[in-house]
Amino acid sequence: MLIVSVVKKNGNEKRRSPLDTKETAKKLSSLVQLDIDAEYAYGQAIDEIKEWPIKNRLIEFRDDHKRHVAELSVAIRELGETPPEYKRDTKGFLLEGFTAIRSKTGTEGALKAMRSNEKTTNKSYNKARSWDVTPSIKALIEKNYEDERRHLEYIETALETKLWKKTA
């Protein structure tokens, strides 16, 4: 199945090359898997953080990743394809293990692990912003990217200000 993308430039419509829905679904599936893996990593960090204000923010961020998985999966189904299973892949197991180990050292370690994870997620979503996809999929990617930027900004600020020392 092919989708033709139409772009308006200077008031004139210009057709872009057809988008292969299988290729679009494959790209979206990579984001779904990234969000699944991030959700599991957040679970490891949340389990080890004792300061409730920080824990609650990370719970919110984990829930954002769950929402990303659900919304991207709907987009994949609308393309007539099947989203990935809701489980970690090999990279996800490694990510979760890394986060679990770092989180055992306390809140600072958990936040450092999540900063690394969110940098990866931000990079992937930023790259996805340049994909030639339909406007509705583009809007979804942009919305998710803004969530990812917010996550990383909070984590970096928490680390810079040693927020866990202020909330203890």
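What to note about this one:
- Within region 46-64, restricting attention to residues that are under 16 Å from the mean Cα position of the chain (by Cα) and in contact (Cβ under 8 Å) with a residue 40 or more places away in the chain, the residue that is farthest from Ala113 (Cα to Cα) is Asp64.
- Verdict on Ala139 being in a helix (DSSP H, G or I), hydrophobic (A, V, I, L, M, F, W, C) and within 24 Å of Lys162 (Cα to Cα): no
- Condition met for Ile36 (β-branched (Val, Ile, Thr), in contact with a Gly (Cβ under 8 Å, 6 or more places away or on another chain) and either at pLDDT 90 or above or not in a strand (DSSP E or B) (or both)): yes
- Scope region 48-59; condition loosely packed, with under 14 Cβ neighbours inside 10 Å and in a helix (DSSP H, G or I); matching residues: Trp52, Pro53, Asn56
The values are calculated or read from the model by the stated rules, or taken from the named source; none is laboratory data. Every value quoted in this text rests on a predicted model; they were computed, and no experiment measured them. Cβ: placed from backbone, ideal geometry, glycine included. Neighbour counts: every protein chain shown.
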